[in-house]
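Report on the structure given below.
The values are calculated or read from the model by the stated rules, or taken from the named source; none is laboratory data. Computed from a predicted structure; not experimentally measured. Glycine also receives a Cβ, built like all others from the backbone with ideal geometry; neighbour counts cover every protein chain displayed.
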Amino acid sequence: MKADIPRLLRVLNWPPIMHTVTRVVYSSEICLLMVLYRFAFPSTMNKLEVTFGIHHTACSCIVQHGVELISAKFDNRLTEFDLELVIQRLEMYKGAISQKSKGAVTDCLSLIDASLHHITRPWSRGNRRTGISNANNIQRPAYSGHKRHHGLKFQSVIVPDGMVVQMYGPVEGRRHDTTVLKVSRLEEKLNLLPPNSYLYGDQAYPLRPWLLSPYRGANKPIAQRAWNRKMRTVRISVEHGFKIITSLWSHLKFVPAQQVFKTPVAKQYVACAALTNLHNCLYPNQVAQHFGLQPPTLEEYCAMYI
């Protein structure tokens, strides 16, 4: 809503007046509105030029500056692990998952999964002198044989109040979820939590002292099948979390604009995850409603990033 813009500017603590390297002066309100408008619609910079009456080159600089400011405030906590938020609300997270799973687990605090963010096929002009292109060397790491598409992988950890407490990435699109889990070094962060604190993932994840996954095998006992069914309704929330990000910020689904050598695709995706958390503080999303758990207020959440 319109009344939320001044409140967002206060918690973000942006300077009232900004300027680009090309000496275009603009207000922090214009910068925030441009960032929100840019990612809310799968449009080009020409649409921003028509809407705001500023040349599209200046619009590009303003949007990029806004993304940089958001990344400077939230990037470290999201790519690592928001330990402070989890510790403050740990018991509420465990209780919400225990209630939703009907007692199947009592010490699970969050849900984990990895997603492929689609990008355009990377392309290189090659060496002009030799005429040899290294396009295959660039395209192969980003290509996912499972999804049949080029992309960047991100690992997300979502808690029952709908907040994204980790958005690790980017990782090459061809990598498996377990590889992303290993390079994220998530275990080191979870060791700082109290004992008997678990994450839950799908069958792609292995069993660890801090990580749970469904029972495997075709001929499972009835008790194991019942446990998997109870946890299935819990785990689907992490998929909803990915959907919420791309639904709120439709520009991320506009694949022609996701060009890794022309646009900071990964930084924009993480910034949109941070904006999703801010939106969730104002308007609880589908995950928070599913578990019946109210997220922290906007002021409480942003106070952790001073």
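Structural remarks
- Residue list for the stretch 248-275, filter: closer than 18 Å to Leu69 by Cα, of a type outside the set (Phe, Trp, Tyr) and either in a helix (DSSP H, G or I) or within 17 Å of the chain's Cα centre (by Cα) (or both): Pro264, Val265, Ala266, Lys267, Gln268, Val270, Ala271, Cys272, Ala273, Ala274, Leu275
- Cβ-Cβ under 6 Å pairs, at least 6 apart or on other chains, the stretch 282-300 side touching a residue at least 24 places away in the same chain (Cβ under 8 Å) and at negative phi, far side among the small types (Gly, Ala, Ser) and outside any loop (DSSP other than H, G, I, E, B): Val287/Ser237; Val287/Gly241; His290/Ser237; Phe291/Ala96; Leu293/Ala96; Pro295/Ala288
- Residues that are polar (S, T, N, Q) and modelled with pLDDT under 85 within the stretch 119-167 comprise Ser124, Asn127, Thr130, Ser133, Asn134, Asn136, Asn137, Gln139, listed in sequence order.
- All conditions in (1) modelled with pLDDT under 90; (2) part of a loop (DSSP other than H, G, I, E, B); (3) not basic (Lys, Arg) hold for Leu293, with the sole exception of (1).
- From the options Leu278, Leu193, residue that is among the hydrophobic types (A, V, I, L, M, F, W, C), in the same structural domain as Val86 (by TED's automatic domain parsing), touching a residue at least 60 places away in the same chain (Cβ under 8 Å) and outside any helix (DSSP H, G or I): Leu193
- For the stretch 1-21, filtering for residues that are within 13 Å of Leu69 (Cβ to Cβ) and part of a strand (DSSP E or B) leaves 1.
- Per this entry, Met45 is not counted among residues that are crowded, with 19+ Cβ neighbours inside 10 Å and either more than 20 Å from the chain's Cα centre (by Cα) or not assigned by TED's automatic domain parsing to the domain that holds Asn196 (or both).
- The set of residues in the stretch 59-106 that are aromatic (Phe, Trp, Tyr) and part of a helix (DSSP H, G or I) comprises Phe74, Tyr93.
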